[in-house]
1. Would you mind getting the accessible area per residue of the chain, heavy atoms of the protein chains only, 1.4 Å probe, in Å²?
2. Can you list the HN-Hα couplings for region 26-39, worked out from phi with the Karplus curve (6.51, -1.76, 1.60; θ = phi - 60°), rounded to whole Hz and with x for Gly and Pro?
3. Between L34, L62, L123, where does the largest GNM mean-square fluctuation fall for the chain, given springs only between Cα atoms within less than 10 Å?
4. Please say if region 1-133 is rounded, prolate or oblate, where rounded means a/c under 1.5 for a ≥ b ≥ c the square roots of the C-alpha gyration tensor eigenvalues, and otherwise the choice is prolate for a/b larger than b/c and oblate otherwise?
5. On C-alpha positions alone, give me the angle between the axis of helix 4-17 and the longest principal axis of the chain, in degrees, nearest 10.
6. Using a 1.4 angstrom probe on heavy atoms only, work out the carbon and sulfur share of the accessible area of region 1-96 in %.
7. Students sometimes get this wrong: rank W63, W115 by accessible area, probe 1.4 Å, all chains present, largest first.
8. Among residues other than I48 whose Cβ falls under 14 Å from its Cβ, what is the net charge (Lys/Arg +1, Asp/Glu -1)?
Amino acid sequence: MVDPHLLVHHAKVARFYSYAHVEPRRRLHAGPGLRMSPTASLRNGERITLGRDVHVGERCYLWAGDSSGRIVLGDQVLLAPEVFITASNYGVIHGVPVMQQPKRESDVVIGSDVWLGARVVVLPGVTVGDGAVVGAGSVVSRSLPAQCIAVGSPARVVGWRDGFVPSDGATGVPTALP
């Protein structure tokens with residue numbers, strides 16, 4: 001005999017999968033060649049734009065804001081497993097419980113030819129320039145220039161992609177959404 005609690009649990013899991021994977025994927029904007037793991041979790045897909053030939057690895061999270069915060073990925077972006085990108089965060093006002101605080105939303109823009117290593121976290125308001133590589137486990141809390149190699153928490157530039165020579169004063173960080 002089947003335990004009725006097991007059936008209820010399976011129904012809840014199916015509903016959650018639809019909520020976090022199926023429904024938002026139908027609403028996102030994606031270029032051709034998208035490869036997305038079925039375990040990727042999405043929020044507010046209508047505010048997520050993915051370029052062509054994007055790879056979203058296992059257990060990645062792309063959480064756009066509830067009202068305005070967008071996530072934009074350029075072409076040929078590679079997200080390793082468990083990358084977390086969010087365009088929304090809670091406030092930190094003293095005396096107000098965190099769950100009751102208004103959310104702060106700000107767009108996240110990831111340029112083309114970017115590789116985010118396993119378990120990278122990208123916070124609201126960040127822009128990652130074209131060709132950047134971010135090492136596994138890094139927390140990107142500030143924008144990163146094009147062609148950089150960045151690691152750490154918070155992520156900081158430790159080098160440049162082979163053959164790239166940064167010009168003085170040029171950061172390579174895009175300033176506007178595509």
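The values are calculated or read from the model by the stated rules, or taken from the named source; none is laboratory data. In this text the structure is predicted, and so the values were computed from the model without any measurement. No Cβ is skipped: glycine too gets one built from the backbone with ideal geometry, and neighbour counts run over all protein chains shown. Surface accessibility is based on the protein's heavy atoms, side chains included, excluding ligands, DNA and RNA. Shrake-Rupley method; radii C 1.70, N 1.55, O 1.52, S 1.80 Å.
1. Details: 9890 Å² over 178 residues.
Per residue, the chain has an accessible area of 56 Å².
2. Listing the rounded values in order: 5, 9, 6, 9, 9, x, x, x, 5, 10, 10, 4, x, 9 Hz.
3. Highest fluctuation of the listed residues: L34.
4. On the way: a/c = 2.10, a/b = 1.20, b/c = 1.74.
Because a/c hits 1.5 or more and a/b fails to exceed b/c, region 1-133 counts as oblate.
5. 30 degrees
6. Numbers: 3320 of 5470 Å².
Solvent-exposed carbon and sulfur of region 1-96 make up 61 percent of the total.
7. Descending accessible area places them as W115, W63.
8. Around I48, the charge tally is +1.
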